[in-house]
Amino acid sequence: MLLGRNVGDVLPTAEAEQVCEVITAALASRSPVVCDYSLPVGGETVWFNATVTRLDDRSVVWIARDITAQHHAVNALRESEARYRDLFDNNPAPMWVYDSESLRILSVNNAAVEHYGYSREEFLCKTLLDMRPAEDVPAFMERRNAGEYDGGHRGTYRHLRRDGSVIHVEVYVNSTSALPSSAGNARLVLITDVTERLRVEEQLRQSQKIEAVGLLAGGVAHDFNNILTAI
């Protein structure tokens with residue numbers, strides 16, 4: 001039986017003190033007081049949300065509901081977000097999140113700051129258009145307006161670093177945000193700098209061209225020499 005008993009008789013000391021504080025606040029207020037609290041029940045911690053309303057100078061109505069499931073869900077979500085944030089911030093590859101409607105950059109990781117040279121604050125003042133050479137913007141907007149960037153995609157583009165240098169990058173854009181964002185159309189971008197790889201490939205192509213020209217010239221000279229010998 002609970003009738004006639006004090007709060008301290010039925011609750012542990014810490015919980016009883018918290019309940020008394022809420023009751024005191026409710027008695028001093030003309031508006032309901034809302035609070036969350038936990039109690040040990042059957043060896044487990046059960047969470048409640050209570051609305052406490054003043055009846056008169058000496059009594060209140062305490063209405064509580066069990067929110068244990070919601071409490072665990074919120075904690076699980078926070079832990080998941082923390083893991084994603086840690087993975088995002090410490091990923092060795094440059095990454096950013098942008099709003100697909102405004103193209104505004106919403107978040108960048110440490111690798112992007114280091115690789116591009118912009119501070120985090122400078123990044124957050126930019127859009128995807130600002131990251132491209134001016135001559136590349138019309139083609140980008142044409143493809144965007146055609147719906148090519150509506151979902152996840154891969155592509156190779158030119159980006160600008162803070163020092164004005166142009167780099168070639170391969171980007172992978174997912175179709176949904178992997179990080180918490182106030183924007184409903186956030187996209188996560190993973191970036192790989194392929195400038196050096198493309199430079200080496202171009203050198204190889206030029207070398208192969210020179211080799212082919214050399215072989216052709218050698219063949220022509222050999223044939224011409226045969227003609228001269230015959231003459």
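Arg120 fulfils the conditions (1) touching a Ser or Thr at 6+ places or on another chain (Cβ under 9 Å); (2) open to solvent by less than 80 Å² (accessible area, probe 1.4 Å) except for a single criterion, (2).
Scanning the stretch 89-101 for residues that are closer than 26 Å to Met141 by Cβ and either touching a Cys at 6+ places or on another chain (Cβ under 6 Å) or free of Cβ contacts under 8 Å to residues at least 60 places away in the same chain (or both) yields a total of 0. Scanning the stretch 47-60 for residues that are farther than 11 Å from Val33 by Cβ and either modelled with pLDDT of 90 or more or not aliphatic (A, V, I, L, M) (or both) turns up Trp47, Phe48, Asn49, Asp56, Asp57, Arg58, Ser59.
The sole residue among Asp56, Asp86 that is closer than 25 Å to Ala112 by Cβ, free of Cβ contacts under 8 Å to residues at least 12 places away in the same chain and open to solvent by 50 Å² or more (accessible area, probe 1.4 Å) is Asp86.
Of these, Ile105, Ile67, which one is touching a residue at least 12 places away in the same chain (Cβ under 8 Å), under 30 Å from Val46 (Cβ atoms) and among the aliphatic types (A, V, I, L, M)? Exactly one residue qualifies, and that residue is Ile67. Can you work out which of the residues in the stretch 131-172 that are more than 19 Å from Val108 (Cβ to Cβ) and basic (Lys, Arg) is surrounded by the most Cβ atoms within 10 Å (Cβ to Cβ)? Top of the filtered list is Arg144.
The values are calculated or read from the model by the stated rules, or taken from the named source; none is laboratory data. Since we're looking at a predicted model, the values are computed, not measured. Methodologically, a virtual Cβ is constructed for each residue, glycine included, from the backbone with ideal geometry; neighbour enumeration extends over all protein chains shown. Each accessible area value is taken on the protein alone, full model and side chains, heavy atoms only, with ligands, DNA and RNA left out. Shrake-Rupley method; radii C 1.70, N 1.55, O 1.52, S 1.80 Å.
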